[in-house]
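First the structure, in the form of structure tokens, and then the observations on it.
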Amino acid sequence: MKLYKQSITALIIITGLYVAGTAYAVSKPVVGIAEFKKSVAVNWWGGQVGRDMADMLANELMATKKFNVVERQKLNAVIGEQDLAAAGRIKKGTGAKTGQLTGAKYLVTGTVTSYEENTASTGGGLSFKGIKLGGSKGKAYIAVDLRVIDTTTGVVIDSRTVEANSSKGGLNLGFFKSGVGGNFNTKKKTPAMKAVRAVIMEISEYLACSMVDQDSCLDDYDAKESRRREKTKGAITLE
């Protein structure tokens, strides 16, 4: 009888742990990430950069262990039909269908709205068969307008401008044509790509804060947003 009670107790505990684990998995926000867009001229943009940035964000969100991310290929098929990501718009009445077909409760969109780069050669570089080993340094700034859309209603539930900076110094190993076609593989160590990586990480941390943690971390992001707005207003000169 005692052994029977112990077995029942163990079963209850195991069942409880399983249910709790299942509930935790279900409670994770299920998101789809649209291909990134741009609204400004960017010299390294081209080819599949928008898709690469979406994949980078997917990896970062999954690394937080706080999200379930829908595969981009599955999401793109629906977005292509319904034009969900075009100019940040969602067609009326199609949001619920998107959620049903992809399983994504939320759609994350990002648009590069500002990019500045300042690079200079430090001299002393060497080249051999199209490969450059040279002294170069520079810095880059990037801003992304982020939106989170509820796929069941088509309502934008969150929007934020996320910024990042990068700096670079010393030797650079890369191809002369690294800026052609927007290929990430040939510009990984440049200020531009470091800025891209930095802004993707900042976006993932912000989404984890705003969609999951929802604690005091929001105060930090609100403070960042306030500083960004003040800086932007300070740069505007009215006649």
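The values are calculated or read from the model by the stated rules, or taken from the named source; none is laboratory data. Bear in mind that the values here come from a model prediction, so they are computed numbers and not experimental data. Ideal geometry is used to build each Cβ from the backbone, glycine not excepted, and the neighbour counts take in all protein chains shown. Note: areas computed on protein heavy atoms with side chains; ligands, DNA, RNA excluded. Shrake-Rupley method; radii C 1.70, N 1.55, O 1.52, S 1.80 Å.
In table form, for the structure just shown:
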item	result
Sole exception among (1) open to solvent by less than 90 Å² (accessible area, probe 1.4 Å); (2) part of a helix (DSSP H, G or I); (3) at pLDDT 60 or above for Gly181, by number	(3)
Filter result for the condition that a residue is at pLDDT 90 or above and surrounded by fewer than 18 Cβ atoms within 10 Å (Cβ to Cβ), over Thr232, Thr161, Thr237, Thr153	Thr161
Count of residues meeting criterion [open to solvent by 40 Å² or more (accessible area, probe 1.4 Å) and not in a helix (DSSP H, G or I)] in region 52-70	4
